[in-house]
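What follows is one structure encoded as structure tokens, with my remarks underneath.
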Amino acid sequence: MASIKDVAAEAGVSVATVSRVLNDHPSVSADARTRVLAAVEALGYRPNAVARSLRTDQTHTLGLVISDVMNPYFTELARSVEEEARALGYSVIIGNADERPALQDHHVRNLLDRRIDGLLVSPTDGGSPLMLDAVRAGTPMVFVDRWIPGVAVPVVRADGRAAIRDLVAHLHGLGHRRLAIIAGPAATTTGQERVTVFREALQAYGLDLPDAYIGQGDFQAESGRRVTEGFLDLPEPPEVVFAADNLMALGALDAVRARGLRVPGDLALAAFDDIPWFVHTDPPITAIAQPTGELGRAAVRALVDRIEGRHPESVILPARLVVRRSCGEPAPQNVVVNPVTNRSKP
């Protein structure tokens with residue numbers, strides 16, 4: 001493998017000149033720059049990233065800690081983060097927290113030890129001391145999807161409140177009155193927010209959300225299955241179950257089918273976090289879709305701004321309701337409800 005000395009000898013310049021060219025220093029002449037780059041190409045030279053990071057105090061590496069790599073939402077988010085980071089000249093190291101705060105902190109600690117330039121995190125809980133210490137130490141950080149209240153870190157997320165209200169209006173219009181929710185972890189901001197907004201939306205139609213119709217899940221499929229079984233065992237089961245994420249919705253669908261029941265004939269089902277699979281289930285599932293790719297790209301841009309000394313604002317993008325056939329819709333359709341105008345469009 002060629003060394004920087006080999007490049008210097010091939011180009012007929014000093015090692016210092018090669019280093020200045022590779023670091024895009026403006027003091028190098030055009031002729032020297034041309035000869036160095038030609039030598040780099042001819043010899044197939046690749047700079048030592050570790051050595052360069054020690055000299056420049058930058059690794060051009062970002063850390064991403066996601067809540068659950070098995071969740072298609074976070075898989076798509078990670079992909080968009082990696083693509084945007086690559087376009088901006090950064091690599092990404094990904095850690096999967098598996099919805100466990102201790103594992104989340106393990107990944108954060110390892111990433112900080114690797115001297116990453118910045119960190120993207122979707123927090124699994126409401127107050128990791130390790131992340132708070134990292135923020136206080138000046139580590140460039142951005143929260144994505146979820147956030148820790150009161151921590152001065154930019155947040156890139158979707159606002160699902162209007163879409164949840166659209167969903168409740170849609171369900172009410174179909175004649176449903178007994179609506180239940182499979183909630184996410186209470187320690188997460190998204191878990192809290194979706195229950196609160198769902199309750200408020202029901203109240204706008206004079207409907208209650210009794211405790212028996214709130215099932216505590218953990219954003220995993222098994223919890224969706226367990227909670228739905230409990231709903232079905234009630235003396236007066238709900239007419240609709242709204243799962244606060246896609247994996248819990250799939251678990252709910254399994255629970256219904258395991259009892260020989262059907263969606264939506266015996267129990268209607270809706271979900272937060274639309275995924276491509278939902279159009280292939282029987283019936284296709286009505287869901288709230290987040291602009292996942294846009295969120296990932298915006299999160300990377302915000303983090304790079306922090307790394308380069310700028311002060312980016314938080315980014316909040318609208319979610320939207322995608323109506324299909326799992327709630328007793330009268331005819332096959334695939335309609336998006338615009339959360340701003342509340343008008344349907346094909």
Let me see the pair-distance distribution of the chain: every alpha carbon pair, 10 Å bin width, integer percents in order.
5, 23, 26, 19, 12, 7, 5, 2, 0
Choice from Arg136, Arg165, Arg86 showing the highest fluctuation, given a GNM over the chain with Cα pairs closer than 10 Å:
Arg136
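Could you work out the longest stretch of the chain that avoids the GluC sites (Glu not before Pro) located in DSSP loops with at most 16 other Cβ atoms within 10 Å?
In short, 1-307.
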What is the spin-label model distance, in nm, from Arg310 to Arg79 if the labels are put 7 Å beyond Cα along the C-beta direction?
2.7
Can you work out the Karplus-derived ³J(HN,Hα) for every residue in region 182-190? Use 6.51 cos²θ - 1.76 cosθ + 1.60 with θ = phi - 60°, whole Hz, and x for glycine or proline.
9, 7, x, x, 5, 7, 9, 5, 5
Can you pull the one-decimal nm distance between simple spin-label points at Ala187 and Asp266, each 7 Å off the Cα toward Cβ?
3.5
Scoring only Lys, Arg, Asp and Glu (+1, +1, -1, -1) among other residues with Cβ under 10 Å from the Cβ of Val121 yields 0
Where N is the number of residues in region 154-232, Cα Rg divided by 2.2 N^0.38 Å
1.12
Work out how much length Ala30 to Ser3 would gain on full extension: take 0.36 nm times their residue separation and subtract the Cα-Cα distance, in nm to one decimal.
7.5 nm
Rounded if a/c is under 1.5, else prolate if a/b is larger than b/c, else oblate: which is region 53-123, with a ≥ b ≥ c the root eigenvalues of its Cα gyration tensor?
oblate
In region 126-206, which chymotrypsin sites (Phe, Trp or Tyr not before Pro) are in a loop and have at most 16 other Cβ atoms within 10 Å, using DSSP for the loop call?
Tyr205
Given the options Val153, Ala255, Ala39, identify the residue whose Cα lies farthest towards the positive end of the charge dipole of the chain (+1 on Cβ of Lys, Arg; -1 on Cβ of Asp, Glu).
Ala39
Label-to-label distance, nm, for residues given as Arg136 and Gln216 (7 Å Cα→Cβ offset):
3.0
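Read-outs throughout are calculated quantities, based only on the coordinates presented, and are distinct from any laboratory measurement. Just so it is clear, the model here is predicted, and its values are computed rather than measured. No Cβ is skipped: glycine too gets one built from the backbone with ideal geometry, and neighbour counts run over all protein chains shown.
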